[in-house]
Amino acid sequence: MATKDVPVNDPMLDPVTGEFAVIAPGHTFKSVTEEISRIVLTPHTPLGWFFGFAIAGGVVLMLLVALTWLFLKGVGIWAITMPIAWGFAIVNFVWWIGIGHAGTLISAILLLFKQGWRNSINRFAEAMTIFAVVCAGMFPLIHVGRPWLGYWLFPYPNSMNVWPQFRSPLLWDVFAVSTYATISVVFWYMGMIPDLGTLRDRSTSRIGQFVYGMLAVGWRGSVRHWMRYETASLLLAGLATPLVLSVHSVISFDFAVALLPGWHTTIFPPYFVAGAIYSGFAMVITLAIPIRKFYHLEDLITMRHLDNMGKVMLATGLIVAYGYSTEVFMSYCYSASHWEYFMMWNRMFGPMGWSYWVLITCNIALPQLLWSRKFRQNAALLFIMSLIVNSGMWFERFVIIVTSLTRDYLPSSWGTYRATRWDYMTFAGTLGLFTFLFFLFIRFLPMIPMSEIRLMLPQAKIRAEAEPLPEAGD
Amino acid sequence: MPVREGTYGLLAEFDTPSQLVRAAKSAYNAGYRRMDCFTPYAVEEAAEAIGFHRNTVSLVTLIGGLLGLATMFGMETWISIWAFPLNIAGRPYYSWPAFVIPAYEWTILWAGLSAAFGMLALCGLPQPYHPLFNAPNFRNGASSDKFFLCLESTDPKFDIVATRGFLDGFSPVSVVEVEY
């Protein structure tokens with residue numbers, strides 16, 4: 001029988017299982033520390049960083065222009081009108097918050113499942129969560145029309161003697177999203193404290209020592225502190241897991257609690273959560289592949305990571321496909337409701353039917369290529385696939401919101417939707433803001449958790465007295 | 001606060017976690033109690049070796065979570081029944097199933113904040129200054145690739161000469177005296 005077509009002595013392959021290694025062999029505590037901290041502590045910022053940062057900054061300026069005009073003129077500059085009161089703003093909100101979910105999945109759920117491979121990618125996946133939530137949180141706020149009164153959403157004693165209405169999913173959303181943003185920031189920062197201590201100790205500039213020193217809150221690596229830290233990390237992971245599942249469920253209630261055909265369905269919570277993780281993993285791949293190439297981190301973000309992320313994408317994509325087919329089954333075969341039947345027909349073959357077929361192509365048809373191991377292990381193809389899935393998931397939200405709203409029960413109130421340039425500028429602007437924040441993050445903070453990578457090295461194994469001691473650290 | 005002077009403790013440096021765990025175990029068995037290990041990542045065995053088995057972060061988190069749950073549920077009930085009763089499509093004022101969702105979110109919020117800030121508080125952090133930062137080898141190594149055992153001078157068994165001799169027995173890279 002022919003053996004598998006793999007090189008026998010490839011150092012990146014595990015000789016027993018034939019799987020890709022999580023970390024390239026030959027690393028020591030010192031070498032991983034240096035490899036990760038040099039990106040932050042180098043006095044020579046790569047030119048490419050400035051180039052990308054400047055472009056992202058330009059797009060952020062465009063966002064500021066769009067927002068200024070919005071605040072001056074009001075939401076009428078967007079295409080929202082009756083009957084489509086929720087346009088791009090809510091599409092983008094749901095899309096961005098979904099992207100954030102993969103970060104929490106990687107940092108929390110995979111931690112609980114003891115998936116060691118997550119360690120290299122969890123820090124920047126968490127950063128991605130926070131920046132995505134920043135972009136997402138902006139949309140409901142600017143969508144309310146008078147964002148300077150956004151604090152009215154929160155319950156606080158006021159001279160008007162008015163309190164929020166707690167039976168509305170829109171208010172549940174306020175608490176779900178604000179909790180999610182807070183917990184994500186806390187989890188991210190707490191996870192970074194030991195690494196900030198490393199940067200404090202290794203920084204050669206006074207400013208660096210001071211700033212990282214303050215951020216590291218005096219972390220000195222005492223094992224007593226480490227034990228409490230580990231407990232707190234596990235607890236936060238245990239809390240973030242139900243949180244992340246609840247956030248997109250609550251967002252889906254915004255739709256599912258309404259009576260509109262295409263929204264009023266019980267499959268929404270699980271199907272939204274799976275879709276969120278699907279698009280989030282796509283975004284992690286979109287970010288990881290260029291970063292790993294640009295900063296030469298192939299030793300730490302290996303083919304194993306890309307392969308695994310491709311598999312998660314495939315699995316969640318299939319759950320999403322199940323969600324779509326259930327919707328079709330419910331409306332065509334099971335509901336016995338004329339309105340439901342029409343909604344699905346309109347979604348597929350109505351004036352905006354093209355968007356449904358874009359979504360099916362991007363989210364279901366093309367991702368089937370991920371079954372192939374060769375495809376998953378080709379970084380360029382995987383990168384393109386991640387972009388396709390991200391676009392597909394954006395279209396999913398577009399289809400749910402726009403096609404359902406354009407044609408509801410009453411034909412006399414039907415309308416159509418065509419986004420304006422301000423819609424496009426605001427959406428593109430948040431992509432710029434996300435990239436802008438990400439550029440700052442990879443330049444000034446450690447994007448791979450050094451302490452967790454050290455723990456994964458073979459040197460970290462405690463050997464009993466009888467065993468010979470391994471070679472010294474370096 | 002009076003300025004403390006003198007020796008904080010003796011700091012032994014090791015290259016591998018196994019050496020550290022061995023030394024820490026022996027020191028604990030020899031009767032030292034005021035001691036600590038410093039490692040660049042979590043070494044559970046070292047914590048076990050110096051007799052640190054349990055911590056109270058989980059308890060703090062549980063209390064925080066329950067407080068969050070009670071606060072939000074109580075606030076929702078108070079607002080909906082007494083402060084601002086609204087008739088929403090004829091639903092009862094006390095619509096507890098709807099109140100569960102924000103209460104659930106605040107359970108997680110308060111528990112998460114308690115876990116993170118409780119952990120820092122139990123560790124006595126933030127504490128930007130610590131005598132150990134006076135040792136140059138500690139600053140260079142403790143957060144990247146070296147493993148340290150510190151026997152503190154406040155331990156009744158501590159004696160600068162005898163303790164140094166005891167630590168030298170584990171063939172550390174160095175043993176340095178740390179000043180306050």
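Computed from the coordinates by the stated procedures, all read-outs in this text should not be read as laboratory data. This is a predicted model, so every value here is computed, not measured. Reconstructed Cβ throughout: ideal geometry from the backbone, glycine too, with neighbour counts over all protein chains shown.
A few comments on the model shown:
- A run of chain A free of exposed loop cleavage sites, with GluC sites (Glu not before Pro) counted only in DSSP states other than H, G, I, E and B and at most 11 other beta carbons within 10 Å, reaches its longest extent at A:1-464.
- Over chain A: helical MRE at 222 nm, DSSP H runs n ≥ 4 each giving -39500 (n - 2.57), nearest 500: -21000 deg cm²/dmol
- Relative contact order (percent, whole number), segment B:57-122, Cα cutoff 8 Å, 6+ residue spacing: 57 percent
- Annotation for A:Ser168 and B:Ser26: the two label points, set 7 Å from Cα along the Cα-Cβ direction, are 7.0 nm apart.
- Mean projected area (nm²) of the alpha-carbon convex hull when the protein assembly as shown is viewed from all directions: 35.7 nm²
- Average partner coverage of A:170-182, which counts Cβ from other chains inside 10 Å: 4
- Partner lysines whose Cα lies under 28 Å from the Cα of A:Lys311, excluding those fewer than 8 positions away in the same chain, are identified as A:Lys4, A:Lys114, A:Lys293, A:Lys374.
- Helix-only [θ]222 nm of chain B, DSSP H runs n ≥ 4, -39500 (n - 2.57) each, per residue, nearest 500: -15000 deg cm²/dmol
- Distance in nm between pseudo-label sites at A:Ala428 and A:Ser325 (7 Å out along the Cβ direction from Cα): 3.9 nm
- Within segment A:193-294, none of the chymotrypsin sites (Phe, Trp or Tyr not before Pro) combine a DSSP coil assignment with at most 12 other C-beta atoms in a 10 angstrom radius.
- When restricted to Cα atoms, segment A:118-266 yields an Rg and a Dmax of 19.9, 62 Å, respectively.
- Taken residue by residue and averaged, Cβ atoms of other chains lying within 10 Å of the Cβ of B:137-149 number 6.
- Against the rule of thumb 2.2 N^0.38 Å, how large the Cα Rg of segment B:57-122 comes out: 1.35
- Pairwise centroid distance, computed over Cα atoms, of segment B:1-46 with segment A:221-258, Å: 34 Å
- Using R0 = 22 Å, the C-beta based FRET efficiency linking B:Arg164 and B:Tyr129 works out to 0.30.
- Residue range of chain A that is longest and free of trypsin sites (Lys or Arg not before Pro) which are both DSSP loop and sparsely packed (at most 13 other C-beta within 10 Å): A:115-417
- Relative to the current alpha-carbon distance between A:Gln209 and A:Ala54, full extension at 0.36 nm per residue lengthens the span by 53.1 nm.
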